[in-house]
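Presented below is the structure to which this report refers.
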């Protein structure tokens with residue numbers, strides 16, 4: 001199947017429409033307000049803060065790129081929802097480029113699996129339709145694979161430059177993208193990618209130049225440096241943080257969603273009578289969907305078994321795209337495990353979004369192989385997966401606290417906010433504005 005069918009593109013459009021609808025109904029709580037203030041400083045006060053949002057390891061994210069990516073959409077439309085829309089559109093662009101790049105490796109059936117498991121993934125859509133620094137990890141992670149594919153057989157100046165910028169500038173948006181840096185180092189050490197040193201030098205120069213203001217600020221105030229609590233290799237010492245990180249990556253490749261999305265309330269959308277029976281149904285299905293982790297675990301086992309048998313780190317990496325892609329995925333898991341082992345903090349689910357594409361494609365390849373053998377069980381599983389996906393997306397769009405205003409706990413959730421950005425960016429009209437009563441900017445991405 002060389003060209004996409006109308007149905008394929010119709011589903012792409014439906015996924016985009018749902019994501020845009022959710023972005024327009026996205027809510028603003030402390031993390032979102034915390035990000036918007038960086039754009040406020042740039043656009044309204046003419047001040048570019050040299051650091052980003054607070055990190056889970058203490059301190060602040062190095063570099064001030066978060067202010068730029070947040071401010072640009074607000075220049076085009078002075079409404080906080082412009083930022084959420086921009087993240088949804090970045091996901092669209094990254095997915096289309098990725099789908100085209102991996103098409104020869106996954107085959108016709110695999111393209112539909114990529115559409116279902118990645119583009120229509122409740123994980124991806126839920127974290128591609130609201131303001132939050134970790135959400136940028138989704139398109140950056142997908143483009144990491146695209147540029148790596150361009151670097152697999154030849155030394156490309158532009159692919160290497162783009163690859164370095166994705167990692168170096170991505171870390172300035174959210175520190176969790178440092179995982180991609182280790183991932184790239186392993187790919188190079190394993191001869192999975194080829195580096196054009198001219199492109200590498202230019203990329204590193206650009207990244208270092210953008211970090212100049214932050215380096216000056218860190219010299220004047222060392223408290224903004226990440227690493228204020230915890231200790232290196234905490235995951236390796238305590239083991240549980242390491243296992244937690246691996247489990248979260250498995251979950252991103254499944255329908256097992258985080259509990260923070262489960263607080264369903266359909267009162268605002270459909271009324272109290274409907275909410276009375278629909279909310280328990282939505283919660284029950286979301287809990288039952290945790291079983292899908294077993295599929296992701298099975299797929300990971302298949303990948304590890306293949307890696308142990310072929311051992312691509314010993315021989316020359318094959319030039320054919322499908323085995324190369326398997327090698328990329330295997331190294332992605334190794335990079336993730338190494339990152340979780342070295343992390344000084346307990347891994348949270350948003351720190352694994354950069355490798356969501358790795359988790360998904362780990363499942364796509366073996367399921368596609370079974371489909372080529374015309375097995376019935378995978379087909380039944382796909383139908384069940386698709387039906388569950390539709391239900392979960394419906395529940396998220398109309399009942400999740402990130403995409404609804406009001407509900408049973410509205411009187412508790414909506415606080416008085418008198419900072420000027422609240423009205424300037426139309427938060428009071430469309431969002432549940434949750435700000436510290438003393439107007440201190442706080443973030444759920446900060447350490448406890």
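Key figures
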| item | result |
| --- | --- |
| Answer residue from the range 41-75, given it is free of Cβ contacts under 8 Å to residues at least 40 places away in the same chain and in a loop (DSSP other than H, G, I, E, B) and is surrounded by the fewest Cβ atoms within 10 Å (Cβ to Cβ) among those | 46 |
| Tally, over the range 337-364, of residues that are part of a helix (DSSP H, G or I) and more than 20 Å from residue 122 (Cα to Cα) | 6 |
| Test set (1) assigned to a loop (DSSP other than H, G, I, E, B); (2) buried (at least 17 other Cβ atoms within 10 Å of the Cβ) - residue 249 fails condition number | (1) |
| Residue in the range 203-224 that is modelled with the lowest pLDDT, counting only those that are buried (at least 17 other Cβ atoms within 10 Å of the Cβ) and closer than 18 Å to residue 54 by Cα | 224 |
| Yes/no for residue 200 being buried (at least 17 other Cβ atoms within 10 Å of the Cβ), on the phi < 0 side of the Ramachandran plot and part of a helix (DSSP H, G or I) | yes |
| Which listed residue is part of a helix (DSSP H, G or I), at pLDDT 85 or above, touching a helix residue (DSSP H, G or I) at 6+ places or on another chain (Cβ under 7 Å) and crowded, with 22+ Cβ neighbours inside 10 Å, from 8, 38 | 38 |
| Segments classed as helices (runs of 4 or more DSSP H), wholly inside the range 84-196, with at least 2 members that are under 28 Å from residue 387 (Cα atoms) and within 19 Å of the chain's Cα centre (by Cα) | 122-126, 137-150 |
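The values are calculated or read from the model by the stated rules, or taken from the named source; none is laboratory data. This structure is a prediction, so every number in the text was calculated from the model and none was measured. Because the Cβ atoms are built from the backbone with ideal geometry, glycine has one as well, and the counts that use them run over all protein chains shown.
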